[in-house]
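One structure is given here, and the rest of the page talks about it.
The values are calculated or read from the model by the stated rules, or taken from the named source; none is laboratory data. Small disclaimer: the values here were computed from a predicted structure and weren't measured. Here the Cβ positions follow ideal geometry from the backbone for every residue, glycine too, while neighbour counts run over all protein chains shown. Accessible surface is based on the protein model in full, side chains and every heavy atom, while ligands, DNA and RNA are left aside. Shrake-Rupley method; radii C 1.70, N 1.55, O 1.52, S 1.80 Å.
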Amino acid sequence: SVSAAFWEHLRRLGLQDFPCGLGSWNKSRFDARRSPCRGRLGPGADPARQQETVLLGEESPETLMDLLRDRHSPWALPPDCSPQDQHLREMAVVVPELVHSSNIFQVFRSLRIIDKGVEEVDEGLLQLHQLEELILSANHISRITSANLPRTLKVLELCCNAVADLQDLCAHPPPELQHLGLGYNRLCGPSQDKYLTAAFWPNLVSLDLSFNNFTDLLGLVSQLSSLQKLRILVLQGNPLALIPTYRGFLVDSLPKLSILDDIHIGPDERHQFRSLAKQPELIRSEARVVVSIGKIKGVPDPSTCQQLEVGFEAPVITYSYCVTYEF
């Protein structure tokens, strides 16, 4: 589940291990906080001597922070960790007594769990009351229930999973969501088109539906046109993207769109395709694919064979090849 992967992520951060947390490397400093009387100098005591005893075998907060921040340090964060992970570890050095579950849940605004074998988005996520970005790419999620998503979400990325149905996700979706990433899943049109409207996603600015199995361009556009805030759309990799008038029809049908398939839509392109949306008869349920072969390796080149002499009676060997394309 996502919760299990989240706790494993926290374990990797080592918030209770050196140089974070409480231990022999900083014990006296925090003992003094808990016991105000402790550490007071008695009559005739040598302040330098007492300080030396307290700090013997310990490290200063500055030294501990350097161990976290130096990328060559054995305690440096892995490259895939976020700035908030670094913040958590630094907090575990300065005020380790504050690093417990309730505070950790308040810190996380972005959670990235990528390629961790996650299959279930469970209700444990609801403890992350401030979560705004949830990245769950390259897992094994086939079903996601909106009731288990924090209402504060603004970014939801589910790229490279096995999502085939949006019904549960759209039952009560996060109202402020601005980006929805569903690329490289198993969504098929037209059964899923009805979930891609402003009724479910009123604040959606960016939508990635790339490399699914949407085939009905007219039907999909009629639903997407209700998304008044949509500015970025990715549909490449779907069968409908092979239709000759695909890009022009989308550009003219969605006048507020700024980027289509990672390509900016300029004024010239809009002018070029003007009024194409009013001619749906130009959209045919067919596609033309041109395949060009530049070089084939591993087969004999006929041009290198020597010309046969006149009257040559030896057997002649011929070759033939068959190339198959599967769509």
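Listed values, structure above:
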| item | result |
| --- | --- |
| Surface accessible to a 1.4 Å probe, per residue, for the residues of region 108-282, Å² | 46 Å² |
| Normalised convex hull volume, region 125-240, alpha-carbon set, Å³ per residue | 84 Å³ |
| Added length on full extension, which subtracts the Cα-Cα distance from 0.36 nm per residue, residue 228 to residue 95 | 43.3 nm |
| FRET efficiency, 1/(1 + (r/R0)^6) with R0 41 Å, evaluated for residue 321 and residue 154 via beta carbons | 0.15 |
| Debye-sum result for region 79-167 in log10 I(q)/I(0), which assumes one identical scatterer on each alpha carbon, at q = 0.11, 0.17, 0.19, 0.23 Å⁻¹ | -0.34, -0.77, -0.92, -1.20 |
| Considering only region 108-282, percent of DSSP beta bridges that pair antiparallel, nearest 5 | 10 percent |
| Segment residue 282-residue 82, length gained on full extension (0.36 nm per residue, minus Cα span) | 67.2 nm |
| Segment residue 205-residue 73, length gained on full extension (0.36 nm per residue, minus Cα span) | 43.5 nm |
| Relative contact order of region 176-252, pairs being alpha-carbon contacts under 8 Å that are 6 or more residues apart, as % | 33 percent |
| FRET efficiency for residue 18 and residue 290, using Cβ-Cβ distance with R0 set to 56 Å, rounded to 0.05 | 0.35 |
| Region 82-98 versus region 243-285: alpha-carbon centroid distance in Å | 49 Å |
| Rh (Kirkwood; distinct C-alpha pairs) - region 117-171, Å | 11.4 Å |
| Cross-link reach list, lysines versus residue 194, counting only Cα pairs under 24 Å and skipping chain neighbours closer than eight places | 154, 229, 256, 278 |
